[in-house]
1. If only Cα atoms are counted, what is the Rg of region A:175-278, and what is its Dmax, in Å?
2. For region A:106-118, take each phi angle, set θ = phi - 60°, evaluate the Karplus expression 6.51 cos²θ - 1.76 cosθ + 1.60, and give the result in whole Hz per residue in order, putting x for glycine and proline.
3. Mind giving me the nanometre distance, one decimal, between the label points for A:GLU128 and B:ASP245, set 7 Å out from Cα along Cα→Cβ?
4. Partner chain Cβ atoms within 10 Å, averaged over the residues of A:232-244 - can you pull that number for me?
5. Report, in deg cm²/dmol and to the nearest 500, the calculated mean residue ellipticity at 222 nm for chain B, where each DSSP H run with n ≥ 4 adds -39500 (n - 2.57) and the sum is divided by the residue count.
6. Tell me the label-point distance for the pair A:GLN43, B:SER46, using the 7 Å Cα-to-Cβ offset, in nm and rounded to one decimal.
7. List the relative contact order of chain A as a percent without decimals, with contacts defined as Cα pairs under 8 Å and 6+ residues apart.
8. So which of A:LYS278/B:LYS223; A:LYS97/A:LYS278; A:LYS249/B:LYS277 end up more than 18 Å apart by C-alpha?
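Where a number appears in this text, it was derived from the coordinates with a stated rule and is not lab data. This is a predicted model, so every value here is computed, not measured. We place every Cβ from the backbone using ideal geometry, glycine too, and count neighbours over all the protein chains shown.
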Number of protein chains: 2
Amino acid sequence: MKTVTVIGLGLIGGSLAISLKAHGLAEHIIGVDHSPENLGKAQELSLIDEGTTDLPAAVRRSDLVVVAVPMDAMLTVLPQVLDEVDQQVVIDVGSTKSMLLAAVAGHPRRGRFVAVHPMAGTEYSGPEAAVPELFTDKTLVICDAEQSDADAVNQVQHLFEQLRMRIEYLDAAAHDLHTAYVSHISHITSFALALTVLEKEKEEQQIFALASGGFASTVRLAKSSPDMWVPIFRQNRVNVLDVLDEHIKQLQHLRHLISQEDYPAVYQQIEQANLIKKILK
Amino acid sequence: MKTVTVIGLGLIGGSLAISLKAHGLAEHIIGVDHSPENLGKAQELSLIDEGTTDLPAAVRRSDLVVVAVPMDAMLTVLPQVLDEVDQQVVIDVGSTKSMLLAAVAGHPRRGRFVAVHPMAGTEYSGPEAAVPELFTDKTLVICDAEQSDADAVNQVQHLFEQLRMRIEYLDAAAHDLHTAYVSHISHITSFALALTVLEKEKEEQQIFALASGGFASTVRLAKSSPDMWVPIFRQNRVNVLDVLDEHIKQLQHLRHLISQEDYPAVYQQIEQANLIKKILK
């Protein structure tokens with residue numbers, strides 16, 4: 001790709017910009033952001049070669065357009081981008097897919113759009129959070145590939161393979177269900193854990209002197225931005241509620257067993273939970 | 001300390017053994033473990049200088065005795081150790097304190113015992129899990145210090161300061177409440193999260209191809225051993241149930257807001273959870 005436009009210069013957009021450049025996969029990166037502050041920072045940090053607020057002009061000059069804005073903005077920005085597209089390839093990097101794909105289903109340039117989700121991130125946001133190698137050895141999901149032109153899908157797959165990502169193909173509904181389990185629920189439980197402890201902290205400051213690695217690990221995601229996560233919960237609401245119900249059920253079951261002092265059953269539940277070892281190395 | 005006996009050569013006992021040796025704080029380490037396999041491994045891994053199953057003899061030859069067995073065994077092993085003690089210093093490294101301190105309250109050698117809890121660990125267990133520097137820059141809680149002889153407390157404080165630990169003094173009841181918040185609840189929520197996802201995994205294997213850093217982080221503690229954790233939940237049951245109730249309440253509140261599509265309120269809750277940033281760097 002000679003010229004790449006990245007719209008939205010946060011953690012994912014910024015990291016993709018520097019990764020493409022570092023791997024020699026882009027010659028010139030144009031950054032577009034509605035925040036002049038983010039645009040300035042992205043230039044200072046050398047994430048991009050030039051910054052502009054003129055989205056249509058940037059799209060027209062590009063071979064690849066990456067839309068990396070929060071999921072609510074995505075619903076309006078992606079159609080705007082496709083309006084300007086001729087033979088360019090367009091990707092989003094969004095965390096939910098069904099609502100977004102419905103929003104562009106009838107677009108005359110739909111074929112140039114490839115829906116992807118790099119399963120990578122951190123709890124930090126904004127251009128300063130961008131890091132190279134964020135995507136290395138992670139999975140890229142390509143959704144509903146049969147709705148995209150074959151040449152566009154091939155280009156996208158080839159590009160992310162060169163970033164050393166594993167490629168998985170899924171339909172949008174399966175993607176949204178799976179990410180509710182392996183990503184969205186982790187964030188909700190982490191937010192709830194932070195709220196639980198902060199509720200207590202009003203009374204007792206000292207508690208945090210004791211917090212060690214285990215607590216930090218489970219509560220890390222609670223630092224994540226509401227600007228990113230509220231639209232995800234909105235767009236994947238049905239799946240998120242399903243998984244959340246199951247999670248609350250599991251917690252209530254453990255609570256019941258501890259309350260009843262049925263420790264052999266608690267032991268068995270923990271042994272069952274330990275099976276996660278087989279899956280997460 | 002010239003000679004140190006470590007009873008229980010798991011993650012904490014083993015790590016303490018190598019740390020004391022590495023920092024020049026022990027000349028000779030005697031390992032005691034009810035498992036001949038663990039004892040053999042600890043010798044192979046050079047965690048200890050000699051291994052024995054003769055607990056009374058080891059205690060009598062020692063300047064310091066560390067009891068690092070699971071909390072249920074602790075209730076019987078600690079009094080046995082104190083039965084053998086003259087002027088030696090004895091510490092436990094257990095995760096709950098009230099029940100243990102009640103168990104030795106009337107012991108004639110109670111003064112030689114200092115109750116400590118190093119706020120450090122990993123999700124792994126056994127001698128192979130032992131690592132040097134596990135305790136560096138972590139907090140050591142000393143509980144009910146006024147029940148211990150002043151010289152014993154001073155020796156223990158000095159020892160752990162040389163391992164670069166921060167020392168906090170707490171009474172046992174406060175310790176058990178605080179650890180329920182910053183340690184025990186994280187484990188329960190992680191176990192429940194693993195169970196939630198494993199329940200689903202029966203149907204869908206592919207889900208795990210998508211799991212990335214965020215999921216791994218929140219579910220990491222679900223690998224923790226039931227041999228360690230069931231006794232902790234039993235001995236700190238009242239606090240654990242209180243905190244678990246608060247956590248379930250917070251999850252149900254988030255569920256309600258998402259279900260009612262009250263996204264401004266969800267946003268506000270996440271902003272509130274983000275305050276954890278002020279506390280966890």
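1. 15.8, 44
2. These are the phi-based 3J(HN,Hα) values: x, 6, x, 9, 3, x, 7, 9, 10, 7, 10, 9, x Hz.
3. Placing both labels 7 Å beyond Cα along the Cβ direction yields 4.1 nm.
4. 3
5. Calculated from helices alone, the mean residue ellipticity at 222 nm is -15000 deg cm²/dmol.
6. For A:GLN43 paired with B:SER46, the spin-label model returns 5.8 nm.
7. Reported relative contact order: 16 percent.
8. Violating the 18 Å Cα-Cα cut-off are A:LYS97/A:LYS278; A:LYS249/B:LYS277.
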